[in-house]
1. Is there any pair linking a residue in the stretch 21-40 that is over 25 Å from LEU56 (Cβ atoms) and among the hydroxyl-bearing types (Ser, Thr, Tyr) to one that is outside any strand (DSSP E or B) and away from the ligand (no atom under 16 Å from the Cβ), with Cβ under 8 Å and at least six apart or on different chains, and which?
2. Looking only at the stretch 1-34, filter to residues that are among the polar types (S, T, N, Q) and assigned to a helix (DSSP H, G or I); which one of those is nearest to the ligand (Cβ to nearest atom)?
3. Could you please find all residues in the stretch 35-54 being of a type outside the set (S, T, N, Q), open to solvent by 40 Å² or more (accessible area, probe 1.4 Å) and within 11 Å of the ligand (Cβ to nearest atom)?
4. Starting from the stretch 79-98, take each residue that is more than 9 Å from the ligand (Cβ to nearest atom) and list its partners that are open to solvent by 60 Å² or more (accessible area, probe 1.4 Å), counting only C-beta distances under 8 angstrom and pairs at least six apart or across chains.
5. All but one of (1) under 26 Å from ASN168 (Cα atoms); (2) more than 15 Å from the chain's Cα centre (by Cα) hold for LEU34, so report the exception by its number.
Amino acid sequence: MSRTPRLFVISGPSGAGKGTLVAVVRNQRPGLGLTVSATTRSPRPGEVDGTSYHFLTESDFADRLARGEFLEWASVHGHRYGTLRSEVDERVAAGRSVILEIDVQGALNVRRVYPDAVLIFIEPPSMEALEQRLRARGTEDESSLALRLSNARHEMELADKYDARVVNDDLDVAAGELSGLLEAFETNGGDSYNGSH
Ligand code: 5GP
C-alpha cells in the first residue's frame, strides 16, 4: 500500500511517557524521523547535546529566533523550547515522515503552518498515575514537579483539539496503538482509525 509521508506532532503532559512510546515505535520503523528540539533548559544527567536537545543559551536562542530559524517555539515550564526548521525540512525533502515531540502551544502553532500535520495526544491513565511516574523519574525538585502537574491539567484540557489520543497505561498496548495510528494516517489519511477524535 502506498504511504504518504506525514508530519506527526506528539504532545502530552510531562511524565505521560511520550518519549518512551516514540522510541518503541521508532525501533520498529527506523525510517521515521524525530526532530531534535532546541531548549534553554539545562541538560539532565545523561542527556547529550545534539541528541536529546540542542542546548542553547538564552542569547543563542534569541538570535536564532530573530533569524527566523524556528518553525515554532514556546515557553514551557519556565524555559524556551523550539523546533528548528532545518530539523523538519531535510526529512520532508527526503520524503520521510517526521515526528515532533512538542508541547500543546507549539502543536497548535505547527498546525497553522502545516494544516495537514497530524496531532496526536498521549495521556496518562490518570493524574495520580502521572504524579507517581514523575516522582519515580526523580528528575524534578518539588517546585518543578508542582509546575509540571499544574501544566499537565491545562494541557489535558486541550487534548480534544488533537486528531487522535492514545492512553499510555500499558506501554506495549499504547505503542501498538500509536504505530497503527501513524500507519493509518500515512496510508489513508486516518480513515481507518476509529479512535476517540
Ligand atoms: P522536558 O523539559 O521534560 O524535556 O520537556 C518539557 C516540555 O517541552 C514537554 O512537554 C515537551 O513536549 C516540550 N517541548 C520539547 N521540545 C519542544 C519544542 O521544540 N517545541 C515546543 N513547543 N515544546 C517542546
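The values are calculated or read from the model by the stated rules, or taken from the named source; none is laboratory data. Just so you know, these numbers come straight off a predicted model, no measurement behind them. So basically every Cβ, Gly included, is an ideal-geometry build from the backbone, and we count neighbours across all protein chains shown. Please note that ligands, DNA and RNA were not included when accessible areas were found on the heavy atoms of the full protein model with its side chains. Shrake-Rupley method; radii C 1.70, N 1.55, O 1.52, S 1.80 Å.
1. The qualifying pairs do not exist here.
2. THR20
3. Once the filter is applied, which keeps residues that are of a type outside the set (S, T, N, Q), open to solvent by 40 Å² or more (accessible area, probe 1.4 Å) and within 11 Å of the ligand (Cβ to nearest atom), the stretch 35-54 yields PRO43, ARG44, GLU47, TYR53, HIS54.
4. Close Cβ pairs satisfying both conditions: VAL92/PRO5; GLY95/PRO5; ARG96/PRO5; SER97/ARG3; SER97/PRO5; VAL98/PRO5; VAL98/VAL92.
5. For LEU34, the failing item is (2).
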